[in-house]
Amino acid sequence: MGATEDRHVETLREVYSTWRASKGENTRVWLDLLAPTIRFRSLGASAPAIGFSRNGVSPADVQRYFADLARDWEMIDFEVESMVAQGDRVAVLADCSWRNRHTGKVTTSLKADFFRFENGLVAEFTELFDTANAVEAAMPA
């Protein structure tokens, strides 16, 4: 990896570590990393039952994503397995578990996050996770 790729990976390692240690409560670490305009996409955006999962184009959209996530879900664990960088892009593979605050059900999923950086800030973000499992955890028994 080159110096820029190393810097992007190190930045994301620190952000994920801080976010995990706070059990998802410290979202400022993510918001401070966003470009003024961001393309934010989530596989779960097509599943209204999940609630938090949405697409967006601004830091305010991402802030709403995190607020809705915290309202409905409690992080149990979030473990980054690997990061791969190429140029201005970083791919992250993680395992995560969340408890729905309304149903008490837990969803565990492999998660893939994809970032594109511009001038040291995240200009694009895409997340993929097991949406069917998350929808099931959000549904009352």
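The values are calculated or read from the model by the stated rules, or taken from the named source; none is laboratory data. Predicted model, so just to flag it, every value in this text is computed and none were measured. FYI the Cβ positions are ideal-geometry reconstructions off the backbone, even for glycines, and counts take in every protein chain you see. Surface accessibility is based on the protein's heavy atoms, side chains included, excluding ligands, DNA and RNA. Shrake-Rupley method; radii C 1.70, N 1.55, O 1.52, S 1.80 Å.
Computed quantities for the displayed model
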{"item": "Residue ID - most open to solvent (accessible area, probe 1.4 Å), chosen from residues in region 116-139 that are more than 11 Å from L33 (Cα to Cα) and in contact with a helix residue (DSSP H, G or I) (Cβ under 7 Å, 6 or more places away or on another chain)", "result": "M139"}
{"item": "Failed item, numbered, when G56 is tested on (1) in contact with a Phe, Trp or Tyr (Cβ under 6 Å, 6 or more places away or on another chain); (2) at pLDDT below 95; (3) open to solvent by 20 Å² or more (accessible area, probe 1.4 Å)", "result": "(3)"}
{"item": "Matching residues in region 68-86 - criterion: being surrounded by 12 or more Cβ atoms within 10 Å (Cβ to Cβ) and of a type outside the set (D, E, K, R)", "result": "L69, A70, W73, M75, I76, F78, V80, M83, V84, A85"}
{"item": "Selection from region 71-101 of residues that are under 16 Å from A134 (Cα atoms), touching an Asp or Glu at 6+ places or on another chain (Cβ under 8 Å) and of a type in the set (D, E)", "result": "D77, D95"}
{"item": "Hits in region 100-115 - residues which are in contact with a Ser or Thr (Cβ under 8 Å, 6 or more places away or on another chain), of a type outside the set (F, W, Y) and open to solvent by 50 Å² or more (accessible area, probe 1.4 Å)", "result": "V106, T108"}
{"item": "Residues satisfying the stated conditions in region 17-49, i.e. under 21 Å from N100 (Cβ atoms) and of a type in the set (S, T, Y)", "result": "S22, T27, S42, S46"}
{"item": "Which numbered condition P48 fails, given (1) modelled with pLDDT of 95 or more; (2) open to solvent by 90 Å² or more (accessible area, probe 1.4 Å); (3) not aliphatic (A, V, I, L, M)", "result": "(1)"}
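Residue-wise test of (1) open to solvent by less than 20 Å² (accessible area, probe 1.4 Å); (2) in contact (Cβ under 8 Å) with a residue 24 or more places away in the chain; (3) under 14 Å from F117 (Cα atoms).
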site: F40; (1), (2), (3): yes, yes, yes
site: Q63; (1), (2), (3): no, yes, no
site: L93; (1), (2), (3): no, no, no
site: C96; (1), (2), (3): yes, yes, no
